[in-house]
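Inspection log for the structure reproduced underneath, given as structure tokens.
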Amino acid sequence: SAWARKPVNNIIVWGSGKPGKPESRHPFHCRENFHVLLLLSHPDELRIFHTWLQAETRLRSGVRYKVRRYKAVGSNYFRKPLEEITNNYSFVNETNKNLADAFQDSDLAIYSNTSAGLLAGRYGTLCAQLDLNDLYRISPCIDQTGLPLNCETASDFADIINSLKTGNDEYLNGIYSRQIEGSQNYTENFLFINKTRRQTPLRGMDLIFFT
């Protein structure tokens, strides 16, 4: 398998390890007012998600979104797209909670290019990966994790939300079990490097994935 036609052994994942054990899936807070956590690694992801909300009316009904930016980058990069989306949609807000609390307050976590999304299973939360990349994919997660919920379009995402809101426990637990397996597969087959103590030298052609 490869990403951007590069073999897996040439892909460097630069970030933290993923400790802890999966928890049982927690029940939804409210199916009629679905709580979705958007985990960002880059401001362009939020700009693209904004266009998804504009394009797909189903994403604007019975759903509330909490946006959690990648804090290591700093707030300035995210300020403008955050202001634009929160000014346009009252059901979109930023959250400054720590990751554990943000997961536990959510029915679904969504992400594109941050492995933080893989931690949802540590807190009993379902997760879905959205392709929020502009023109080309930049995430080694794509097609590698085996996660059951993947969305390439706004319509795909609306379909997934509907299936979760109407699904019974057997259906939801089945998805959650496959999510846990996919997350474990990713963390076991890609290299994680501590950001502050890099243990493997980076080469000029290595692909770097920040987590």
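Here, each number is a calculation from the coordinates, and none is a lab measurement. Everything numeric here is computed off the predicted structure, so don't read it as measured data. Positions of Cβ are backbone-derived with ideal geometry, glycine not excepted, and every protein chain shown enters the neighbour counts.
Put simply, the amide H of Ile110, placed in the peptide plane, has neighbours under 5 Å in Leu37, Leu38, Leu39, Ala128, leaving out anything fewer than 5 places away on its chain. For region 110-122, the Karplus equation 6.51 cos²θ - 1.76 cosθ + 1.60, evaluated at θ = phi - 60°, returns couplings of 10, 7, 10, 10, 10, 6, 4, x, 5, 7, 3, x, 6 Hz by residue, with Gly and Pro reported as x.
With Cβ to Cβ distances under 12 Å as the rule, what net charge do the other residues near Ala100 carry (K, R +1; D, E -1)? Taking every Cβ under 12 Å from that of Ala100, the sum is 0.
Using only alpha-carbon positions, what ratio does the radius of gyration of region 43-131 give when scaled by 2.2 N^0.38 Å?
1.05
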